[in-house]
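One structure below.
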Amino acid sequence: MVSVNEYEKVRLEFSKTGRAKFISHLDLNRTLRTAFVRAKVAIWFTNGFNPHPKLVFSLPLSLGAESMCEFLDIRVLPPVDHEKIKESLNKNLPDDIQIKRVYKPKTKLEDLCWSRYTFKLYFNSMSEEKANEIKSMLENPMIITKRTKKTKSGLTDIDILPGIRSSTVVFDGECVNISADLESSVDNYINPDYIIRALDKYLNIDFEQSGEYYTVMKEVTFKKDCKTVYQ
Amino acid sequence: MNEKYNIDGILRKVLKPGRYTGGEYGQIIKDKEKIKCRFAFAFPDTYEIGMSNLGVRILYGALNKNENIWCERVYAPWIDMQQQMKKHNIPLYAHESMDPVRKFDILGFTLQYELCYSTVLNMLELSDIPLYAKDRGEEYPIVIGGGPCAYNAEPVADFFDVFSIGEGEEALVEFCELYIKMKESGGYTKEKFLHEAAKIEGFYVPSLYDVSYNDDGTVKEYTPKYDDIPTKIRKRIIKDFDKTYFPEQFVMPYIETVHDRIVLEVYRGCPRGCRFCQAGMIYRPARAKSPEVLNRDAKTLYENTGYDEISLCSLSISDYPHIRELTDKLLEWTDDKMVGLSLPSMRADSFSRELMKRVSSVRASGLTFAPEAGMQRLRDAINKNICEKDIFEACRAAFEGGRNQVKLYFMCGLPTETEEDILGIEKLARAVVDEYYQTENRPKGRPTVTISVACFIPKPFTPFQWDRQSTMEELVEKQQLLASAITDRSIKYNYHDANVSRIEAVFARGDRRLSKALAKAAEYGFKFDAWDECFDYDKWLSVFDECGIDPSFYANREFGEDEVLPWDIIDCGVSKEFFLRERHKAYNDTVTENCMKSCAGCGANKLGGECTWCPSTNTKK
Ligand code: SF4
């Protein structure tokens, strides 16, 4: 058995878009595991009773959101050819999950603190005015009930406003576009779903009517200062 | 994906959206412009079940190998999704292109169990396709059915244009080629095409055969409408199993499915000949693949799928003559790559301690045996040729191998069964518990012996096809008798819902007049009858009642040996005389040797091909 130290740490930046947005984190894990085998990338297996390939992800993307910047750390048996890994993995992955970059990581996964999301909202009563209402909603406290392990009821109310930065809201005639940086650190993870829930709670935008829907895309991630791009 | 329908919106509102997205690795996308025949392959159950079916995987690959055909997958959306689709006017679509099923040239349903019939109609409705074949004009796809239930498809005959009888991997391609040829030559009409198709071996066009009935309700005769179509439709088989198409790639589901692994079909059919078993008869003659071919397929599939488990699949795997060679070859590389082997069905008699040890060297799989009956006399009558000694030895081997859980499968309501047989199930289970305590190097703790008891269902093309199913009262009484006999806490008792088995029996031995009941059931929104949460026995009874159908006529009546059976229109290769002989032997508690020991002259060898055990047709026994 080759010791874990002989493997080289490699980071993959990948996108998860289109149909793959409805694939849960667990299923993504399984999909990638088989893809590594198909691509013949020899990655490190955990020891023990039930050895399995070790994949370490950045915080999971919420179900239904697309992303251009997900991160995954693995350990690969040298010699490591980054370009080749990328190429062979992409051939062996579904079209909607594609590796953008393979490199030696210089940061910790925990250093990822902020994510910029674009929301596209299609609903029946869209207008300039509605966009302004959304804008002011995003600038005031928004109380969201979320699940937690800390309280007895398993639920807790939080204000998500401190976890939102530099939001813009634009109505382009077709849909309302929101761009917002949401905190995504381990301690304070603002799920993009919270924004959708706030829209329902504060403005009664619930996407229940025929033809109403929204999309969410994670565009880029930042370090703690919310400026330096995380990679 | 929302360019066609607003699927995005509704997928946020349903459970397990991954069932409906498509886009999996390994799916086949083709250029629509270059395709001459678009085939929607529908599995009338959930995605998780449909994706696990090996037959579908094979046919998907076989059809798509042809550059003129594009085969796509369709599954039954779960109830929550159906509600959303109705609300938003989204018709049933195929997974690859997301195009509506209605727009396809051919819509194929695989009929794996009778309880899927209501779901088939449900899927036609979701597709906006009229249920009855006669109501569908040229603008609708040709609807074709196949799979084990096609051997007696009479209950659904009115809803289908055509059935493919027997093994489809070659036949379906031929069928599509005929379609393309006729379309290209310009003379195509649905009617002409179906008439031509009815001339290809293995294709049954029900509308071309009139059925008349006797006064007592039994079938009088089948009359072909043309002279140039066969009076009996003979099933198709793959002649050389080693050379037949086997997929090199599976579609890799994103979400977990029932059998999410590599499945190798070691052989097709079964050399045994249990008298209740339809699969053992309709897939005759048994044909095995060589270990070389299997090992090659396994390697290719491992490389192309990345799965870490290989399951060897067939009706009775340990009868495979080269099992040792095969496992040797596989273990040469699977251990190294941390790929597990699993064997699903084991027979107690040929179960060797060694084989089990070798397989569990990678991963343990559940241990199950199927004695089917509690007493040797009844096991002889059903031709389940295993004896108690075999069962005990196998269990002992399992216990010595460190296991303390065994599962035993039985049936109740079998022809010739007595109270003693039912009580024998408990005795046998208790003896297995004793065996555990007598095993010296057994694991610690108490054993669990699970007995799972199904209700016997008489199936077409078996020696018991004439026999009646026990009535509900009888079945419940038997289940209770057994329950009250079990006192040992190491024995766990599961039994099947007799209501479900009865409905299954009605459709298994049904005729065309049942289509009325199915259409009514569709009207009332029946679907997913194989699911406990959807099945409603009382509703079925009232549907039958409303249609003037007596379910007992089909389920609980002994069919006359000289009666024309609804499925006599099909020739499955095995002769009716053989079934009769076997039936009479059953009533004399006489066993028949399996095909490996000697040929019982069932007639299947006339189908030809490279059969593993059959004498060639020239050397008549
Ligand atoms: S012809 Fe003989 S050997 Fe072949 S399947 Fe029938 S009984 Fe078995």
query = Has segment B:207-216 got at least one residue that is at pLDDT 95 or above, in a loop (DSSP other than H, G, I, E, B) and touching a strand residue (DSSP E or B) at 6+ places or on another chain (Cβ under 6 Å)?
reply = yes
ask   = Restricting segment B:16-60 to residues that are at pLDDT 95 or above, under 19 Å from the mean Cα position of the chain (by Cα) and of a type in the set (Gly, Ala, Ser), which is surrounded by the fewest Cβ atoms within 10 Å (Cβ to Cβ)?
value = B:Gly50
query = Residues B:Ala286, B:Ala298: which one is aliphatic (A, V, I, L, M) and within 16 Å of the ligand (Cβ to nearest atom)?
reply = B:Ala286
ask   = Just for segment A:94-115: of the residues that are more than 14 Å from every other protein chain (Cβ to nearest Cβ) and among the acidic types (Asp, Glu), which one is surrounded by the fewest Cβ atoms within 10 Å (Cβ to Cβ)?
value = A:Glu110
note = Subset of segment A:5-25, residues aliphatic (A, V, I, L, M), more than 8 Å from chain B (Cβ to nearest Cβ) and either more than 24 Å from A:Leu112 (Cα to Cα) or within 15 Å of the chain's Cα centre (by Cα) (or both), comes to A:Leu12
message = Take the conditions more than 19 Å from B:Pro460 (Cα to Cα), surrounded by 13 or more Cβ atoms within 10 Å (Cβ to Cβ) and within 14 Å of the ligand (Cβ to nearest atom) and apply them to B:Gly609. Does it pass?
response = yes
key: The one condition in (1) out of contact with any Cys (no Cβ under 6 Å at 6 or more places or on another chain); (2) within 16 Å of the ligand (Cβ to nearest atom) that B:Ile570 fails to fulfil   = (2)
key: Unique residue being more than 12 Å from the ligand (Cβ to nearest atom) and either among the aliphatic types (A, V, I, L, M) or over 21 Å from the mean Cα position of the chain (by Cα) (or both) when the list is B:Cys547, B:Cys614   = B:Cys547
task = Test B:Lys243 against the stated conditions and say whether it is farther than 30 Å from B:Gly340 by Cα, outside the structural domain of B:Tyr113 (by TED's automatic domain parsing) and not in a strand (DSSP E or B).
result = no
inquiry  = Quick check on segment B:165-198: of everything there that is among the small types (Gly, Ala, Ser) and not in a helix (DSSP H, G or I), which residue is surrounded by the most Cβ atoms within 10 Å (Cβ to Cβ)?
reply    = B:Gly166
task = Tally the residues that are out of contact with any strand residue (DSSP E or B) (no Cβ under 9 Å at 6 or more places or on another chain) and buried (at least 20 other Cβ atoms within 10 Å of the Cβ), restricting the search to segment B:469-503.
result = 1
key: Pairs where the first residue, in segment B:583-598, is within 18 Å of B:Trp466 (Cβ to Cβ) and away from every other protein chain (no Cβ under 14 Å) and the second is away from the ligand (no atom under 16 Å from the Cβ) and among the small types (Gly, Ala, Ser), C-beta under 9 Å, 6+ apart   = B:Lys585/B:Ala381; B:Ala586/B:Ala381; B:Tyr587/B:Ala381; B:Asn588/B:Ala381; B:Asp589/B:Ala381; B:Thr590/B:Ala381
task = For segment A:30-67, enumerate the residues that are within 19 Å of A:Lys100 (Cβ to Cβ) and away from chain B (no Cβ under 11 Å).
result = A:Ile43, A:Leu55, A:Val56, A:Phe57, A:Ser58, A:Leu59, A:Pro60, A:Leu61, A:Ser67
query = Any chance segment B:419-442 includes a residue that's under 25 Å from the mean Cα position of the chain (by Cα) and modelled with pLDDT under 95?
reply = no
query = For segment B:575-590, what are the residues that are over 26 Å from B:Ser212 (Cβ atoms), within 14 Å of the ligand (Cβ to nearest atom) and crowded, with 18+ Cβ neighbours inside 10 Å?
reply = B:Phe578, B:Glu582, B:Lys585
Tally of residues being within 21 Å of B:Gly269 (Cβ to Cβ) and of a type in the set (A, V, I, L, M, F, W, C) across segment B:450-472 = 3
remark   = When restricted to B:Gly603, B:Gly560, the only residue outside the structural domain of B:Phe456 (by TED's automatic domain parsing), of a type in the set (Gly, Ala, Ser) and more than 11 Å from the ligand (Cβ to nearest atom) is B:Gly560
key: Condition check for B:Glu221: touching a residue at least 12 places away in the same chain (Cβ under 8 Å) and either assigned to a strand (DSSP E or B) or away from every other protein chain (no Cβ under 14 Å) (or both)   = yes
task = Just give me the residues in segment B:387-417 being charged (D, E, K, R), assigned to a helix (DSSP H, G or I) and closer than 30 Å to B:Lys585 by Cβ, in sequence order.
result = B:Glu388, B:Lys389, B:Asp390, B:Glu393
task = Spot the failing condition for B:Glu593; the list is (1) outside any helix (DSSP H, G or I); (2) buried (at least 18 other Cβ atoms within 10 Å of the Cβ); (3) more than 24 Å from the chain's Cα centre (by Cα), and only one is missed.
result = (2)
request  = Just give me the residues in segment B:278-302 being under 16 Å from the mean Cα position of the chain (by Cα) and surrounded by fewer than 23 Cβ atoms within 10 Å (Cβ to Cβ), in sequence order.
outcome  = B:Gln278, B:Ala279
request  = Please work out if B:Ser552 is among the small types (Gly, Ala, Ser), more than 26 Å from B:Pro130 (Cβ to Cβ), within 26 Å of the chain's Cα centre (by Cα) and not assigned by TED's automatic domain parsing to the domain that holds B:Ile422.
outcome  = yes
ask   = Among the residues of segment B:21-51, how many are touching a Lys or Arg at 6+ places or on another chain (Cβ under 9 Å) and within 20 Å of A:Ile23 (Cβ to Cβ)?
value = 11
query = Right, A:Val186: assigned to a loop (DSSP other than H, G, I, E, B) and either more than 14 Å from chain B (Cβ to nearest Cβ) or touching a Cys at 6+ places or on another chain (Cβ under 7 Å) (or both) or not?
reply = yes
key: Unique match (being part of a loop (DSSP other than H, G, I, E, B) and farther than 21 Å from B:Val591 by Cα) among B:Lys427, B:Lys444, B:Lys384   = B:Lys444
inquiry  = Of everything in segment A:189-225, what is crowded, with 17+ Cβ neighbours inside 10 Å and either in contact with a Cys (Cβ under 8 Å, 6 or more places away or on another chain) or part of a loop (DSSP other than H, G, I, E, B) (or both)? Give them in sequence order.
reply    = A:Ile190, A:Asn191, A:Ile205, A:Phe207, A:Glu212, A:Lys218, A:Thr221, A:Phe222
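The values are calculated or read from the model by the stated rules, or taken from the named source; none is laboratory data. Since we're looking at a predicted model, the values are computed, not measured. Here Cβ is always computed from backbone atoms with ideal geometry, including for glycine, and neighbour counts include all displayed protein chains.
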